[in-house]
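K.L.:
Attaching a single structure in C-alpha cells format; questions to follow.
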Amino acid sequence: MNQNLNHYKVFYTVAKYKNISKAADALFISQPAISKTLSKLEENLGCSLFHRTSRGVTLTTEGQILYERIREAFQVIDSGEEEIRHINELGIGQIRIGVSTTLCKYILLPYLQDFIKEHPHIKITIECQSTLHTIEMLENGSIDIGLIGVPKNKHSIIFNEIKQIQDTFVATQTYLDNLSIREQDQQDLFSSANLMLLDEENITRQYINDYFYRNQIKTNQVLEVSSMDLLIEFAKIGLGVACVIREFVNDELNTGHLVELPIKNPIEARSVGFAYSKSHAPSKATMQFLNYILQ
C-alpha cells in the first residue's frame, strides 16, 4: 500500500456520503482538510476520483473501482473489530497449560473447576508432560503457562509459587513388619527395602537423588515407576517403600493404610507454582487465570 491509510478512510467516507460536508461531520475534521487529503490522494494515484458539483460529489470510473475495493477492506476491518468486541464482552480466550499428570490431578484440577465456572468461555487445553518438558514448551511458545515444581534454573521463566510440597517415604505396616523379619540390619532401611521411585527423567526423582547424595544414602533394590499414582498404589499393596508427596497421601496416612517412615535428615519442602516464559508475553486469558490463582 503506497498511500496513508487515513487518506483512504477520508476517500471512503466521502464516497459513502457523496458529500464533503457530511463526511467532515462524520470524521470530525474540517472540509478544507478533506479537500486537501483528496487532492493529495488523486495526485499520488494520477487520476481524478470524484466529479465535483454544487450538490455534492460522484465517483469517476477510477473512483468507483477504488471505492469497491476500499469498501471490502473496511468491511473486513469492521468485522474484525466486532469480533474483538464480542470476545471482550464474553471473556472469550484460550489458555494452553502444561503440567505433569500428578500435579494435574492433585493441584491443577481443583483450581480449574472453580475458574471454569467463572470464565465459561475461555477454552483450556492441557498438555500432560514432565516438568522438564513443560519448561521446554514454555520456552518455545507451545504452551502459555505451566504448573511445575520450582526448577534449579529459572532464567527463562517467571515463576509464581502457590504452595509447598513435602516429599516423604511411605509403606504399609505389614511390609515393614515382614522386612524386619527378613532383614537383621534395620539401620539401613534404604538399602534393604524395595525402594520405589519415579523414573530418572522426573524432576522429583532428580531432587531425591540429590537428597541421597548429600546424605550419603546408598540404595540397592530400586523399582522405577512412571507416575506418582502408581507409586501410591504399589505402596498400598505392600510392594515396597515409595517416595511420594505427603500431601497426596494424607488420606492413606490418616486411615493407617500407609505409614510414614521416620528419617534422620528430613527432606526439604519444595515449591510448586505456575510459570510463564519471559520471552512470550502472556495473553489476557492467561493473566486472568494467573491472577485468579494468586488471589
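The values are calculated or read from the model by the stated rules, or taken from the named source; none is laboratory data. Keep in mind it's a predicted model, so treat the numbers as computed, not measured. So basically every Cβ, Gly included, is an ideal-geometry build from the backbone, and we count neighbours across all protein chains shown.
K.L.:
If residue 130 satisfies every condition in (1) under 22 Å from residue 249 (Cα atoms); (2) in the same structural domain as residue 259 (by TED's automatic domain parsing) but one, which is the exception?
P.N.:
(2) is the only condition that residue 130 fails.
K.L.:
Residue pairs, Cβ under 7 Å, 6 or more apart or interchain, first in region 34-48 and without any contact (Cβ under 8 Å) to a residue 24 or more places away in the chain, second in a helix (DSSP H, G or I) and of a type in the set (Val, Ile, Thr). List them.
P.N.:
35/20
K.L.:
Mind listing whichever residues of region 116-125 are closer than 9 Å to residue 95 by Cβ and of a type in the set (A, V, I, L, M, F, W, C)? Give the derivation first.
P.N.:
Start the filter on region 116-125 by keeping residues that are closer than 9 Å to residue 95 by Cβ, which leaves 122-125.
Passing the criteria: 122, 124.
K.L.:
Another question, if that's okay. Within the bounds of region 114-126, is there any residue that is at pLDDT 90 or above and not hydrophobic (A, V, I, L, M, F, W, C)?
P.N.:
yes
K.L.:
Next question, about the same structure. Would region 209-229 turn up any residue that is in contact with a Gly (Cβ under 9 Å, 6 or more places away or on another chain), exposed (fewer than 15 other Cβ atoms within 10 Å of the Cβ), over 30 Å from residue 139 (Cα atoms) and of a type in the set (S, T, N, Q)?
P.N.:
yes
K.L.:
If I ask for residues that are surrounded by fewer than 16 Cβ atoms within 10 Å (Cβ to Cβ), free of Cβ contacts under 8 Å to residues at least 40 places away in the same chain and touching a strand residue (DSSP E or B) at 6+ places or on another chain (Cβ under 6 Å), which ones from region 90-123 would you list?
P.N.:
123
K.L.:
Looking at residue 263, is it surrounded by 15 or more Cβ atoms within 10 Å (Cβ to Cβ), assigned to a loop (DSSP other than H, G, I, E, B) and touching a strand residue (DSSP E or B) at 6+ places or on another chain (Cβ under 7 Å)?
P.N.:
Spelling it out, it is not the case that residue 263 is surrounded by 15 or more Cβ atoms within 10 Å (Cβ to Cβ), assigned to a loop (DSSP other than H, G, I, E, B) and touching a strand residue (DSSP E or B) at 6+ places or on another chain (Cβ under 7 Å).
K.L.:
Take region 233-248 and flag every residue that is in contact (Cβ under 8 Å) with a residue 24 or more places away in the chain and either in a helix (DSSP H, G or I) or of a type in the set (Asp, Glu) (or both).
P.N.:
234, 235, 236, 246, 247, 248
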